[in-house]
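Below is a structure I'd like to ask you about.
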């Protein structure tokens, strides 16, 4: 069977009886892959997991996210399911994990491979390669940034609300990636949590997330702003009107 192998830029002939590559036909390009390309191969390699049936890509789909919550035990406890955050701009948005206890990105990646995926111990070179690949990941173009003039006006009103003391959003979601890199107790934790407080997540590309908050309890930005994470319950000074919620949602979708 002939297989087009994107990661090594070649056509490979696979013997289906034992699932082994018996011949490789290079299609040109560099003889040696770049560091980032090596990291990409590791990212999609199911051999790095228990029983070889999933990879980093399984949860971080093409570097993004999925619609499910998972218990990776990365928070030190069992049965505390968390949403999967996208990996875009990862090197610029530390610390890492929902509780923010991980401050070394390369160590965090190695821990994910060995303790979450239950795979073999990666080498230091493997860690450098994965980090190089992650630094190439960019979010897809935002479809909400080309909205009509009426939507743009709503975004502008939402921006003013976001930056105001009335909502207090920018007191935590600040900077170019809308995170202050700090741990905050916003009253949403569980008695089972080993760590108190949560690491402020970046809001870049938040429009694409199907599940919101650390445990995915909310399915939409509107429900988020009127439910458990309403501004007046976190850092704001007053309840928003329905129109204000709509404006704030429009702005958040544009990030």
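The values are calculated or read from the model by the stated rules, or taken from the named source; none is laboratory data. All values derive from a computational prediction rather than experimental measurement. We place every Cβ from the backbone using ideal geometry, glycine too, and count neighbours over all the protein chains shown.
Could you please let me know if residue 186 is touching a helix residue (DSSP H, G or I) at 6+ places or on another chain (Cβ under 7 Å), touching a residue at least 12 places away in the same chain (Cβ under 8 Å), under 17 Å from residue 169 (Cα atoms) and surrounded by 19 or more Cβ atoms within 10 Å (Cβ to Cβ)?
No.
Which condition does residue 152 not pass, out of (1) at pLDDT 95 or above; (2) over 27 Å from residue 62 (Cα atoms), if it passes all the others?
(1)
For region 210-227, what are the residues that are buried (at least 18 other Cβ atoms within 10 Å of the Cβ) and touching a strand residue (DSSP E or B) at 6+ places or on another chain (Cβ under 9 Å)?
Result: 211, 212, 213, 214, 216, 218, 221, 224.
Okay, moving on. Only one of 222, 170, 230, 242 is over 26 Å from residue 64 (Cα atoms), outside the structural domain of residue 72 (by TED's automatic domain parsing) and in contact with a helix residue (DSSP H, G or I) (Cβ under 9 Å, 6 or more places away or on another chain). Can you tell me which?
The conditions single out 242.
Specify the residue that is surrounded by the fewest Cβ atoms within 10 Å (Cβ to Cβ); the eligible residues are those in region 103-131 that are touching a strand residue (DSSP E or B) at 6+ places or on another chain (Cβ under 8 Å) and within 16 Å of residue 56 (Cβ to Cβ).
Keep residues of region 103-131 that are touching a strand residue (DSSP E or B) at 6+ places or on another chain (Cβ under 8 Å), which gives 103, 105, 108, 111.
If we keep only those that are within 16 Å of residue 56 (Cβ to Cβ) too, we end up with 105, 108, 111.
Working: 105: 19, 108: 20, 111: 17.
Among those that are touching a strand residue (DSSP E or B) at 6+ places or on another chain (Cβ under 8 Å) and within 16 Å of residue 56 (Cβ to Cβ), it is 111.
Let me ask another. Filter region 200-255 for residues that are assigned to a helix (DSSP H, G or I), touching a residue at least 40 places away in the same chain (Cβ under 8 Å) and over 17 Å from residue 164 (Cβ atoms) and give the result.
Answer for region 200-255, where residues must be assigned to a helix (DSSP H, G or I), touching a residue at least 40 places away in the same chain (Cβ under 8 Å) and over 17 Å from residue 164 (Cβ atoms): 206, 207, 208, 253.
Another one. Can you confirm whether region 162-169 contains a residue that is more than 17 Å from the chain's Cα centre (by Cα), surrounded by 15 or more Cβ atoms within 10 Å (Cβ to Cβ) and part of a helix (DSSP H, G or I)?
yes
Quickly run through region 75-102 and pick out the residues that are in contact with a strand residue (DSSP E or B) (Cβ under 8 Å, 6 or more places away or on another chain) and under 14 Å from residue 214 (Cβ atoms).
75, 81, 82, 83, 84, 96, 97, 98, 99, 100
Scan region 76-96 and tell me whether some residue there is farther than 23 Å from residue 202 by Cα and either in contact with a helix residue (DSSP H, G or I) (Cβ under 7 Å, 6 or more places away or on another chain) or surrounded by 12 or more Cβ atoms within 10 Å (Cβ to Cβ) (or both).
Yes: one or more hits.
Conditions (1) without any contact (Cβ under 8 Å) to a residue 24 or more places away in the chain; (2) closer than 29 Å to residue 112 by Cα; (3) surrounded by fewer than 16 Cβ atoms within 10 Å (Cβ to Cβ), marked per residue:
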{"site": "7", "(1), (2), (3)": "no, yes, yes"}
{"site": "34", "(1), (2), (3)": "no, yes, yes"}
{"site": "39", "(1), (2), (3)": "no, yes, no"}
{"site": "52", "(1), (2), (3)": "yes, yes, yes"}
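Yes or no: residue 154 over 24 Å from the mean Cα position of the chain (by Cα), surrounded by 13 or more Cβ atoms within 10 Å (Cβ to Cβ) and outside any loop (DSSP other than H, G, I, E, B)?
yes
Let me ask something else about it. Could you check residue 17 against (1) outside any helix (DSSP H, G or I); (2) under 19 Å from residue 129 (Cα atoms) and say which number it fails?
(2)
What number goes with the only condition from (1) modelled with pLDDT of 90 or more; (2) surrounded by 14 or more Cβ atoms within 10 Å (Cβ to Cβ); (3) outside any helix (DSSP H, G or I) that residue 24 does not pass?
With (1) modelled with pLDDT of 90 or more; (2) surrounded by 14 or more Cβ atoms within 10 Å (Cβ to Cβ); (3) outside any helix (DSSP H, G or I) applied to residue 24, the lone miss is (2).
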